[in-house]
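Colleague: Handing you a structure now.
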Amino acid sequence: MSTTVAFEDLKSLAGASLGTSRWLEVDQDRINAFADATGDHQWIHVDPERAKKGPFGGPIAHGYLTLSLVIPLWTELLDVTGVTTKVNYGLDRVRFPAPVPAGARIRLSGTLGEVSDVAGGGVQVAVDLVVEIENGGKPACVLRPVFRFYP
């Protein structure tokens, strides 16, 4: 469920929960496509038979694949209206506490952190996000991205 806020009201959401996204399956085809796109064909990701004998009992998604899926899920959490430009400004921190097994479903939850003005009339937000694995004990990813919005 998306939180919608007008640009001029964005600061009022500092500290607010943004809820959770839909569940998204991370299947073997997606993992293989990511391996092809990045050139990272490590067996733990792309060789299901060999990965069954590995430390996780099967293939797992690349950590950076999990991280890349934050963006489509993030767009489900916050919609800022009255802006012409939305910029991914970077990451303050990223951790991968648990691997995402092939075929698992993930979702994103978040809380809006600091909100501050930036040059050019924009607003910068830091967001505390968690990528949860369905029926998992630990999160797949915990991160604090920074985004900028310009009217």
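Here, each number is a calculation from the coordinates, and none is a lab measurement. Just so it is clear, the structure is predicted and the values come from calculations on it, not from any experiment. Please note: Cβ atoms are built from the backbone with ideal geometry, for glycine as well, and neighbour counts cover all protein chains shown.
Colleague: Please identify every one of the chymotrypsin sites (Phe, Trp or Tyr not before Pro) in the range 18-127 that sits in a loop by DSSP and has no more than 14 other beta carbons within 10 Å of its own beta carbon.
Modeller: The qualifying sites are W23, F56.
Colleague: Between D27 and T3, what is the FRET efficiency for a Förster distance of 30 Å, r being their Cβ-Cβ separation, to the nearest 0.05?
Modeller: Taking R0 as 30 Å, the efficiency between D27 and T3 is 0.55.
Colleague: Can you return the lysines within cross-link range of K11? Criterion is Cα-Cα under 27 Å, with same-chain partners fewer than 8 residues away left out.
Modeller: Correct list for K11: K86.
Colleague: To continue, here is another question. Taking 0.36 nm per residue of separation and subtracting the Cα-Cα distance, what length does fully extending F56 through V146 add?
Modeller: Extra length available between F56 and V146 comes to 29.2 nm.
Colleague: Taking only C-alpha pairs under 8 Å that are 6+ residues apart, what is the relative contact order of the chain in percent?
Modeller: Contact order relative to length: 29 percent.
Colleague: In addition: Output wanted: per-residue J couplings in Hz (rounded whole) for the range 47-56, from phi through Karplus 6.51 cos²θ - 1.76 cosθ + 1.60, θ = phi - 60°, x for Gly and Pro.
Modeller: Whole-Hz 3J(HN,Hα) from phi for the range 47-56: 10, x, 5, 5, 5, 4, 8, x, x, 10.
Colleague: Here's something else I'd like to know. Which aspartates and glutamates, if any, have their Cα less than 20 Å from the Cα of K138, not counting same-chain residues under 8 positions apart?
Modeller: E25, D27, D128
Colleague: Between K86 and T38, 0.36 nm times their residue separation minus their Cα-Cα distance comes to what?
Modeller: So the extension gain works out to 14.8 nm.
Colleague: Hey, another quick one. Normalised by the residues of the range 62-151, what does the relative contact order come to in percent, with Cα pairs under 8 Å and at least six apart?
Modeller: 36 percent
Colleague: Continuing with the same structure: To the nearest 10 degrees, how steep is helix 28-38 against the longest Cα principal axis of the chain, on a 0 to 90 scale?
Modeller: It works out to around 70 degrees.
Colleague: Read phi for every residue in the range 81-92 and hand back ³J(HN,Hα) as whole Hz from Karplus 6.51 cos²θ - 1.76 cosθ + 1.60, θ = phi - 60°, with x for Gly and Pro.
Modeller: For the range 81-92, the Karplus-derived couplings read 8, x, 10, 9, 9, 10, 10, 7, 8, x, 10, 7 Hz, x marking Gly and Pro.
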